[in-house]
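Trainee: After the structure tokens below, expect a handful of questions from me.
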Amino acid sequence: MIIGVYKHNLKTMREERKEALAKEAENQNVELIFFEPKDVDFDNKTVGGTVKENNFWKEKIFPFPEVLINDVPQKQENWPEEEWQLRKEIPVTSHLIEHKLNVYERIKRAGVYSDYLAPSEKVEDIASIYRYLNEYGKVVVKPLHGRRGMGVLCMEKKRNKYLLNKHTEKYKFNKKQFRQFVQKVVENDYMIQPYIECRTKEGNPYDFRVHVQRNGQGEWGITKIYPRIGAKESILSNISRGGTTYIIEEFLNYEFNNESEHIFNILCQLALDLADHVNNFYSFKLDELGIDLAIDNNKKICVHEVNAGPQTKYHEEERAVNIIAYAKYIAYQERERKIRPVLKLTYELGEKVELINRLLENKNLEETLKAVLAIAEGFKSIEKNIQPYILLENDLYTAKEAVKNNFAELVRVYEQNDKDNARQLIASQLIPNLNLLARELEKTFKQSDASINNNLPSEFDCGRDSNITKSEAVKV
């Protein structure tokens, strides 16, 4: 199987991710080619790009992949023409969703998990910031399209002064200065929330990142769950902003003692259920999500954010296991969709070949010609649809070529009006080779049964079998 890793500019892909994907592709016995839009040849249905073989990167050309891992998908208005064409022919694994506030609004409207959400809204004007400050005293303002904690602000009103935290930087403004500052915020896309006090016993801000992915069966599973702990003087827990992390088991044991396993199961179950819930908002399947959860001082679980394309810098190898397995799953689904009608058509051709035999016996040349032409058209359709599954001279290729040669020979002897040789060719070669082709198609069709489940084990039992109810998970 050939899987493509498609990116507008491969130079922007981190080496750790590229290496992890290449290594896992070898483990799962697939060919993995990394390519850009300029590498696509639509006339010959091929892509050129880089592959890793024997620990060296090489330039190679392959037939179109069966599936594309479209790393960090872009908005449609940024798709080059090649991507529009590729998507018509090849399924992709990843899909872009809206910014975090829109996802928040969808969860809120659905109602099922609204109790987990802190009040949030888009900053439309200065009045909305003052309103939140008057109601909650301390608020967080963050970019709608922000990543990795960049641009996050914490604002607090104390008497006639306004305190502002930007990561570890602290400012104190009077009313006029603060108004001038927030005016710049209003001019950009920001959202506002109450500040949720979530700190460790040592006073550090923290939250939990749960990375969920679809596996080789297309089911959600936990790839990684870990605490993100910020510096005491910071408002952020993001690792990319100087935060640290610990093994989840050790962290929970220290912070929650004998409640640790129970809390771990709740966090995992909630993340899996949320992934299902959020995916129901869309017509396509999401492949991975980063779900940020927190436990406030009253031990209530809060959902901070649900992000597509989460940061995975420190666990690329674990991520790659499911990325490749899910890509194979998508490819097998597409293979089933395409091969099922081809298999049916192959059996129908066998019936038409037998019809030709009977027509030749009855010397009905006009009807025989119609049947031969119909078979020729049907075989062209088969040939076109099985092309993605033919690698070099494999068994499917050999069976296809045998049938193709038999048809060419049948047309030749028919044109010579040699009905005896035509009947002999049909009985001794064409029908057996059509049966062989059908068997090879069935083998290709059934390969999807070999797709694997690659859920990773974790320190505690955190699968869907955990006996945790949604209402129980609201407060621990």
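Trainee: Which values of log₁₀ I(q)/I(0), to two decimal places, follow from the Debye formula for the chain at q = 0.06, 0.07, 0.11 Å⁻¹ with a uniform point scatterer at every Cα?
Mentor: Reported log10 I(q)/I(0), two decimals: -0.40, -0.51, -0.96.
Trainee: So in segment 2-89, what percent of DSSP beta bridges are antiparallel if you round to the nearest 5?
Mentor: Here the share of antiparallel DSSP bridges comes out near 55 percent.
Trainee: Using the Karplus curve 6.51 cos²θ - 1.76 cosθ + 1.60 with θ = phi - 60°, what ³J(HN,Hα) values do you get for each residue of segment 301-311, in whole Hz, with x for Gly and Pro?
Mentor: 7, 10, 9, 6, 8, 10, 10, 8, x, x, 5
Trainee: Identify all lysines with a Cα-Cα distance to K400 below 22 Å; exclude those on the same chain that are fewer than 8 residues away in sequence.
Mentor: Straight-distance partners of K400: K45, K338, K344, K352, K380, K384, K443, K446.
Trainee: What's the center-to-center distance, using Cα atoms, between segment 79-133 and segment 299-365 in Å?
Mentor: 29
Trainee: I've got another one for you. Can you sort R106, R412 from fewest to most other Cβ atoms within 10 Å of each residue's own Cβ?
Mentor: Starting with the residue having the fewest Cβ neighbours, the order is R412, R106.
Trainee: If R0 is 45 Å, what FRET efficiency do you get for L373 and R87 from their C-beta distance, rounded to 0.05?
Mentor: 0.85
Trainee: List V152, V210 from most exposed to least, where exposure is judged by having the fewest other Cβ atoms within 10 Å.
Mentor: V152, V210
Trainee: With each label point set 7 Å from Cα along the Cα-Cβ vector, what nm distance links K122 and E105?
Mentor: Distance between label points: 0.6 nm.
Trainee: For P194, what is the net charge nearby, where nearby means another residue's Cβ is under 12 Å from its Cβ and Lys, Arg count +1, Asp, Glu -1?
Mentor: -3
Trainee: For D71, what residues show an amide H to amide H distance below 5 Å, using hydrogens built from the backbone and excluding near sequence neighbours?
Mentor: Y6
Trainee: Cut-off is 10 Å between beta-carbons; in what order do R335, R439 appear when sorted fewest neighbours first?
Mentor: Ranking R335, R439 by Cβ neighbours within 10 Å, fewest first, gives R439, R335.
Trainee: Set the Förster radius R0 to 35 Å, insert the Cβ-Cβ distance between T46 and N78 as r into 1/(1 + (r/R0)^6), and round the FRET efficiency to 0.05.
Mentor: The computed FRET efficiency comes out at 0.90.
Trainee: Starting from 0.36 nm per residue, how many nanometres of slack lie between E249 and K299 once their C-alpha separation is accounted for?
Mentor: Stretched out fully, the E249 to K299 stretch lengthens by 16.2 nm.
Trainee: Here is a further query. Compute the projected area of the convex hull of the Cα atoms of segment 2-89, averaged over all viewing directions, and report it in nm² to one decimal place.
Mentor: Here the figure is 5.6 nm², rounded to one decimal.
Trainee: Now a separate question. Please work out how much length the chain gains when fully extended from K38 to E348, using 0.36 nm per residue of separation minus the C-alpha to C-alpha distance, in nm with one decimal.
Mentor: 107.6 nm
Trainee: With θ set to phi - 60°, apply the Karplus curve 6.51 cos²θ - 1.76 cosθ + 1.60 along segment 27-44 and write out the HN-Hα couplings as whole Hz, x wherever there is a Gly or Pro.
Mentor: Computed from phi, the couplings for segment 27-44 are 4, 9, 6, 10, 8, 10, 10, 9, 8, 10, x, 5, 8, 8, 10, 6, 5, 9 Hz.
We did not get these values from a lab; they are worked out from the coordinates using the rules stated. Just so we're clear, the structure is a prediction, and the values are computed from it rather than from any experiment. Neighbour counts run over all protein chains shown; Cβ positions are idealised from the backbone, glycine included.
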